[in-house]
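Asker: Here it is, the structure in full.
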Amino acid sequence: MSDEALSNLLREDRRFPPPAELAAHANVTTATYEQADADFEGFWAAQAERISWGKAPTQVLDWSNAPFAKWYADGTLNAAYNCLDRHVENGLGDKVAYHFEGEPGDTRSITYAELTAEVCQAANALTELGVKAGDRVAIYMPMIPEAIMAMLACARIGAPHVVVFGGFSAEALATRIQDCGVEIVVTTDGGFRRGSPSPLKPAVDEALLECPTVRNVLVVQRTKQDTPMTEGRDLWWHEFVGKQSTQHAYENFPAEHPLYVMYTSGSTGKPKGILHTTGGYLVGTSYTQWATFDLKPDTDIFWTAADIGWVTGHSYLVYGPLANGSTSLMYEGTPDTPHRGRWWELIEKYKVSILYCAPTAIRTFMKWGAEHPEKFDLSSLRVLGSVGEPINPEAYVWYRHFIGGDRTPVVDTWWQTETGMHMISPMPGVTEGKPGAAMRAIPGVVVDVVNDEGVPVADGEGGYLVVRKPWPAMLRTLWGDDKRYAETYWSRFPGAYFAGDGAKKDSDGDIWLLGRVDDVMNVSGHRLSTTEIESALVSHPKVAEAAVVGATDETTGQAIVAFVILRGDAGDGGPDVVTELRNHVSKEIGPIAKPRQIMVVEELPKTRSGKIMRRLLRDIAENRELGDVTTLTDSSVMHLIKENLSSSS
Ligand code: ATP
Ligand code: MG
């Protein structure tokens, strides 16, 4: 992908050095990078000391059967013990693990001792239902504490959990249950969403018509709405779990014992069942939460505003934070209920010091306007994180300015369901931040950008992102499909992990993510990145969000088609808005990047984790039948866009 068009892009020259105070006490320093570079295995052996092992590992990495890795293979541990009991044993029983805030305003602060007791009860309940180590349990719940308790109860007895996002349809739930051979489902009567209770249990009933492997359903009472229960199969959590002992003797499992299966978000096609195992995953998530966010477990209030149905929820709402004994906020609902300042109100109320969310949320807040955060005291914040998509430079600067008060570093963390942990990110006490760049591999991770032949590109050039060495929280395989695992990730460039994302090294060698390889466009022989054109559009004051796709074009090979959402204060943008935006892109990037068509839309199709689904927009731009829409947040969006197009053309 080395092409002059790429090097014209991203002429971003704003720089944000680490705050002096933060740098002076930073967890990660330049010495951390040096240690990791000098002795890879020694570095990861040292990180393993964050964990309490039953039997301490004597091995670090076993790569003899590549690409099937083993980390800390002869060690044993219990993930739930590491997240719970050991903190209680260390005198932190009264420390809050979660401040929970329900959407209707109900609250609950749960200490480590309380969480331990309730997880023990749930573990005993699962055991009474016949769940043994290795059996799969599906969790299909809204963002309430019992969802985390169910995950930890599974981990405690060695039963891999399969969390399915609570907003998914019965069909999406059924396919995941079938793919994994799930035996027990944990769910709720419903959850609160945009101010009203919405039922969940009926979707489970519908899914189970096609899932004969499921024996029992445990139902948490959340909304108290009328809920049909199937005699002999369905049990109320408060009755069945509530009656169990709060003591549970845990067992240590081998480090490579499966911890969970999580399906990818489906941005590019059918979701893949990613398998994570126990020891390496806990080491990787606890280390990265500590490093990337400069976590001080004694004082920070940490908020990962992501659903547990997504890997970010697993790694940075549950396992990393609990393994580190930190205090987190968990919020059930949407950011605009009952008002558009809800998040900022929560940050003020709980004195949140680290916020971690997705660019899609940030762009939504930009669209709503700065008057909402400005009403609240956000001075407790000291580090801001971003994940899920490339963050547009304008969104980064807005986030840092309006949310971070120009004090806070912004860490743009690149990683995947597959990687389990952060891989590329600024370190808040070391890195001089560049808006829009994920910068460098974190200490202990080795990445590169290579060309079609697998040769590293020079600074200033673009190519494919690869990971050169295994890392502890890496996926071990795709559930039930070793062959697809090896083919998908390890065959494109022998010896390296192929991430599927395009990236560019700038003249300093820092890394910018350019979007998925499948999304890179070829216009008149020039390779252009969707991300960069989107960022150019978002840098225009009238634009809140943009999605760009390449549509087949007889003359140019592919032509650029852009979909934009205007900012709240831009009205309908005026009659010439499309011309204005086309010229703006041309000025920012070059005439080659000028979109053939720009469509002003109200919404964009997104996955449940908030990523734009460009493949569906491509279907529209090329007048095709729509592909798989089961992981869309709102499938009506696609109809709206289609109607909008037919009326405007
Ligand atoms: P599927 O693999 O099913 O298509 P998905 O890739 O969206 O779904 P995830 O594992 O949730 O599923 O997302 C990982 C992807 O998200 C990365 O490969 C990358 O494309 C994108 N991504 C995540 N964080 C960043 C980031 N900080 N900058 C740029 N891209 C990011
Ligand atoms: Mg992916």
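Asker: Given the Cα-Cα distance of GLU625 and GLN178 and 0.36 nm per residue of separation, how much length would full extension add, in nm?
Answerer: Numbers: separation 447, 0.36 × 447 = 160.92 nm, distance 2.68 nm.
Roughly 158.2 nm would be gained on extension.
Asker: May I pose another question? Explain nothing, just the number: dipole magnitude of the chain about its Cα centre with +1 on each Lys and Arg Cβ and -1 on each Asp and Glu Cβ, in debye rounded to the nearest 20. Can you show the working numbers first?
Answerer: Numbers: 60 positive and 85 negative charges, 45 e Å.
With only Lys, Arg, Asp and Glu charged at Cβ, the dipole is about 220 debye.
Asker: Pop a pseudo-label 7 angstrom from the Cα along the beta-carbon direction at both ASP37 and PHE68 and give the gap in nm to one decimal.
Answerer: 3.6 nm
Asker: Go through LYS351/LYS606; LYS505/LYS542; LYS70/LYS296; LYS367/LYS606 and tell me which ones have a Cα-Cα distance over 22 Å in this structure. Write out the running numbers ahead of the final one.
Answerer: Values: LYS351/LYS606 31 Å; LYS505/LYS542 30 Å; LYS70/LYS296 30 Å; LYS367/LYS606 17 Å.
Over 22 Å apart, Cα to Cα: LYS351/LYS606; LYS505/LYS542; LYS70/LYS296.
Asker: How much length is gained on full extension from LYS296 to LYS349, taking 0.36 nm per residue of separation minus their Cα-Cα distance?
Answerer: Numbers: separation 53, 0.36 × 53 = 19.08 nm, distance 1.95 nm.
Contour length minus Cα-Cα distance gives 17.1 nm.
Asker: Also, I was wondering about something else. Once you put a point 7 Å from the Cα of ALA56 and another 7 Å from the Cα of ARG15, both along the Cβ direction, what distance in nm separates them?
Answerer: 4.3 nm
Asker: Can you pull the Kirkwood radius for the chain, inverse mean 1/r over Cα pairs, to one decimal in Å? Mind showing how you got there, number by number?
Answerer: Values: mean 1/r = 0.0398 Å⁻¹.
Taking the inverse mean of 1/r over all distinct Cα pairs, the chain comes out at 25.1 Å.
Asker: How high is the FRET efficiency from ASN451 to THR29, r the C-beta distance, R0 35 Å, rounded to 0.05?
Answerer: Working: r = 33 Å, r/R0 = 0.95.
Efficiency at R0 = 35 Å is approximately 0.55.
Asker: Report the label-to-label distance for SER524 and ASP336 in nanometres (one decimal), using points 7 Å from each Cα along the Cα→Cβ vector.
Answerer: 3.9 nm
Asker: How big is D, in µm² s⁻¹, for the range 327-455 by Stokes-Einstein at 20 °C and 1.002 mPa s if Rh is the Kirkwood radius over C-alpha pairs?
Answerer: Values: Rh = 15.7 Å.
Stokes-Einstein gives a translational diffusion coefficient of 137 µm²/s.
Asker: Farthest toward the dipole's positive end in the chain, which of PRO145, HIS276, TRP236, given Cβ charges of +1 (Lys, Arg) and -1 (Asp, Glu) about the Cα centre?
Answerer: So the residue furthest toward the plus end is TRP236.
Asker: If you average 1/r across every pair of different Cα atoms in the range 454-530 and take the reciprocal, what Kirkwood value do you get, in Å?
Answerer: When all Cα pairs of the range 454-530 are included, the Kirkwood radius is 13.8 Å.
Asker: Just to confirm a number: summing +1 for Lys and Arg and -1 for Asp and Glu over residues other than GLY75 whose beta-carbon lies under 12 angstrom from that of GLY75, what do you get?
Answerer: Values: positive: LYS55, LYS70; negative: GLU49, ASP62, ASP74, GLU256.
Residues close to GLY75 contribute a combined charge of -2.
Asker: What FRET efficiency do you get for PHE376 and GLU128 if R0 is 45 Å and r is their Cβ-Cβ distance, rounded to the nearest 0.05?
Answerer: On the way: r = 46 Å, r/R0 = 1.02.
It comes out at approximately 0.45.
Asker: Once R0 is set to 25 Å, what does the formula 1/(1 + (r/R0)^6) return for the Cβ-Cβ distance between LYS243 and ARG215, expressed as a FRET efficiency to the nearest 0.05? Kindly include the intermediate steps, with their values, before the conclusion.
Answerer: Details: r = 19 Å, r/R0 = 0.76.
After rounding, the FRET efficiency stands at 0.85.
Asker: Follow-up. Give, in nm to one decimal, the length gained when the segment between LYS270 and ASP508 is fully stretched (0.36 nm per residue of separation minus the Cα-Cα distance).
Answerer: Here the segment from LYS270 to ASP508 would lengthen by 82.0 nm.
Asker: Just the Cα atoms of the range 269-311, one point each, no solvent: what log10 I(q)/I(0) does Debye give at q = 0.18, 0.29 Å⁻¹?
Answerer: Treating every Cα as an identical point scatterer, log10 I(q)/I(0) equals -0.74, -1.13.
Asker: Would you tally the net charge around ASP226, using a Cβ to Cβ cut-off of less than 11 Å, leaving ASP226 out, and scoring K and R as +1, D and E as -1? Walk me through the intermediate numbers first.
Answerer: Working: positive: LYS201, LYS224; negative: ASP189.
Computed value for this residue: +1.
Rule-based calculations on the coordinates, nothing more; no lab input. Note that the coordinates shown come from a computational prediction; the quantities given were computed from them, not determined experimentally. We place every Cβ from the backbone using ideal geometry, glycine too, and count neighbours over all the protein chains shown.
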